[in-house]
2 protein chains.
Amino acid sequence: MATLTHIPRRGLLFVMSSPSGAGKTTLSRKLLAADRNITMSVSVTTRKPRPGEVDGKDYHFITPETFDEMVKQKQLLEWATVFGNSYGTPRAPVEEALEQGRDVLFDIDWQGTQQLAQNMKDDLVRLFILPPTADTLRERLIKRAQDSSSVIAKRMAEANHEISHWPEYDYIIVNDDVEESHRMVMAILTAERLRRHRQLGLTDFVRNLTKKL
Amino acid sequence: MATLTHIPRRGLLFVMSSPSGAGKTTLSRKLLAADRNITMSVSVTTRKPRPGEVDGKDYHFITPETFDEMVKQKQLLEWATVFGNSYGTPRAPVEEALEQGRDVLFDIDWQGTQQLAQNMKDDLVRLFILPPTADTLRERLIKRAQDSSSVIAKRMAEANHEISHWPEYDYIIVNDDVEESHRMVMAILTAERLRRHRQLGLTDFVRNLTKKL
């Protein structure tokens, strides 16, 4: 087989949201392992590193002053403050990736997704993962947490709220079976890369093609 | 593994267009063989059956009077007259398929695609297949035709015109390698079936899910 035609394209932003316990983390990891052209977005945060966390890999750890300055300068595509700690997605590395035809994966909630949509609508692909049943979700939360039942109840309420935002997403996967869901995630990524408006090199390609017809 | 969750969905209309000789017929056949939920749309035509053609399978063979009546009653989603023969896509079986969650494949040109887009925009997925090089296209046309060089020149001019409409499509595949292109076609179909707006059963599914959280 000859070398495949290479059409330069613009990268895309792939958002995966779900309630905690629906299998999103597993699906993200499988996606990153299966495809070399997509990388996880690295957020900035004002919280202190936990043991084992690496600056520039898990997060960029920055001061509250730097964070405020980034917000003011519109250098964050989305941000939020949770329990006094701020988190955000820096704009510059995302823009650079898109221009180089690399894709960026985001593991963010509905609020981050809404902000991202305001800034980067055409580049965005939004996927929401649903659990197949309420029992599946409850089991996973209990297994993970080993917390008091009041903590679990609180998590279920949060899951409920996150799920209520499913109509804001482009694609929905009900995660019955992780291998099947992984194939669906890969299909979405493959298809979205083939969208005309991302394949910026097509205009030149077609011009050269038809010149010789 | 448990049975996968079944979310009732609306079917979709999958249009594949390309210049003659870009490999569209092969890709259509492979798609129909690989997936049981998509079937080829059967057109009506006023031309006489050729030897071996089966009424209701290859075409519905109808009289010019019936054809004109169908046009008048808006029973055709798209139609055209070529060398005195008329061809068209009946609306009723397409609407029925969509409502039953079945997908329909269309092998039509840019003009048919434009008409279909006017009538069925939200259900439509438009794919354009490009040849990797002008030489590939020329070789395939020569191999197929065994015609005079003036006939081949005319076909190349038609190909040129068809290609000029690539910006009207949602997805573009450069058909370097038929197996690779087939995987891309399947990915597009898989992804489009996962679009939120087609999964009509999600509202009920999520309501039942969150009732139990």
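Values quoted throughout were computed directly from the atomic coordinates according to the rules given, and no laboratory measurement underlies them. Every value quoted in this text rests on a predicted model; they were computed, and no experiment measured them. Every residue, glycine as well, gets a Cβ built from its backbone with ideal geometry; the counts of neighbours run over all protein chains shown.
Measure off 7 Å from each Cα along the Cα-to-Cβ vector at B:Arg144 and B:Lys48, then give the distance between these two points in nanometres to one decimal.
If labels sit at B:Arg144 and B:Lys48, their model points lie 2.5 nm apart.
Give me the one-decimal nm value for the distance between modelled label points at B:Ala80 and B:His60, 7 Å along each residue's Cα-to-Cβ direction.
Here the modelled spin labels are 2.1 nm apart.
List the residues, sorted by chain then number, that are 5 or more residues from B:Leu124 or on another chain and whose placed amide H is less than 5 Å from its amide H.
Result for B:Leu124 returns B:Leu13.
Quick one: which residues, 5 or more positions from A:Ser86 or on another chain, have an amide H under 5 Å from its amide H? H modelled 1.01 Å from N in the peptide plane, none for Pro or chain starts.
A:Thr46, A:Arg47
According to a simple spin-label model (label point 7 Å from Cα along Cα-to-Cβ), what is the distance in nm between B:Ala157 and A:Glu158?
6.8
Measuring from the lowest to the highest alpha carbon on each principal axis, how far does the range A:117-160 reach, largest first, in angstroms?
Principal-axis extents of the Cα atoms in the range A:117-160, largest first: 43, 20, 16 Å.
Do the alpha carbons of any pairs in A:Lys154/B:Lys211; A:Lys30/A:Lys57; A:Lys154/B:Lys212; A:Lys30/B:Lys212 sit beyond 20 Å of each other, and which pairs?
Table pairs above 20 Å Cα-Cα are A:Lys30/B:Lys212.
Can you pull the semi-axes for the range B:112-193, root of five times each eigenvalue of the Cα gyration tensor, sorted largest first, whole Å?
Working: eigenvalues 149, 61, 17 Å².
For the range B:112-193, the semi-axes come out at 27, 18, 9 Å.
With springs only between Cα atoms under 10 Å apart, run a GNM on chain A and tell me which of A:Gly52, A:Gly23, A:Gly11 wobbles the most.
A:Gly52
Between B:Thr3 and B:Lys211, what length in nm is gained on full extension when 0.36 nm per residue of separation is reduced by their alpha carbon distance?
Working: separation 208, 0.36 × 208 = 74.88 nm, distance 2.16 nm.
Length gained between B:Thr3 and B:Lys211: 72.7 nm.
Output, in nm with one decimal and in ascending order, the distances from the B:Lys72 label point to the matching label points of the other copies (7 Å from Cα along Cα-to-Cβ).
Label-point separations across copies, in nm and ascending: 7.5.
Put the label 7 Å from Cα along Cα→Cβ for B:Thr133; what are its distances to the other copies, in nanometres, shortest first?
When each copy's label point is compared with this one, the spacings are 5.7 nm.
Of the candidates B:Ala191, B:Ala159, B:Ala80, which one comes out as most mobile in a Gaussian network treatment of chain B with C-alpha springs shorter than 10 Å?
Most flexible of the set in this elastic network: B:Ala191.
With a Cα-only, solvent-free Debye model of the protein assembly as shown, what are the log10 I(q)/I(0) values at q = 0.07, 0.11 Å⁻¹?
Treating every Cα as an identical point scatterer, log10 I(q)/I(0) equals -0.43, -0.94.
Can you tell me the Rg and Dmax of chain A, counting just the alpha carbons, in angstroms?
19.4, 72
Report for chain B the percent antiparallel among DSSP-assigned beta bridges with both residues inside it, nearest 5. Walk me through the numbers before you get to the answer.
Values: 8 of 26 bridges.
Here the share of antiparallel DSSP bridges comes out near 30 percent.
Placing a label point 7 Å from Cα toward Cβ, how far apart in nm is B:Arg207 from its equivalents in the other copies, listed shortest first to one decimal?
Between copies, matching label points for B:Arg207 lie 5.4 nm apart.
Please work out the Cα center distance from the range A:108-131 to the range A:80-105, rounded to the nearest Å.
Using only Cα atoms to place each centre, the spacing works out to 12 Å.
In Å, what Kirkwood hydrodynamic radius results for the range A:24-75 from the alpha-carbon pair distances? Mind dumping the intermediate values first?
Working: mean 1/r = 0.0776 Å⁻¹.
Every distinct Cα pair counted, the radius reaches 12.9 Å.
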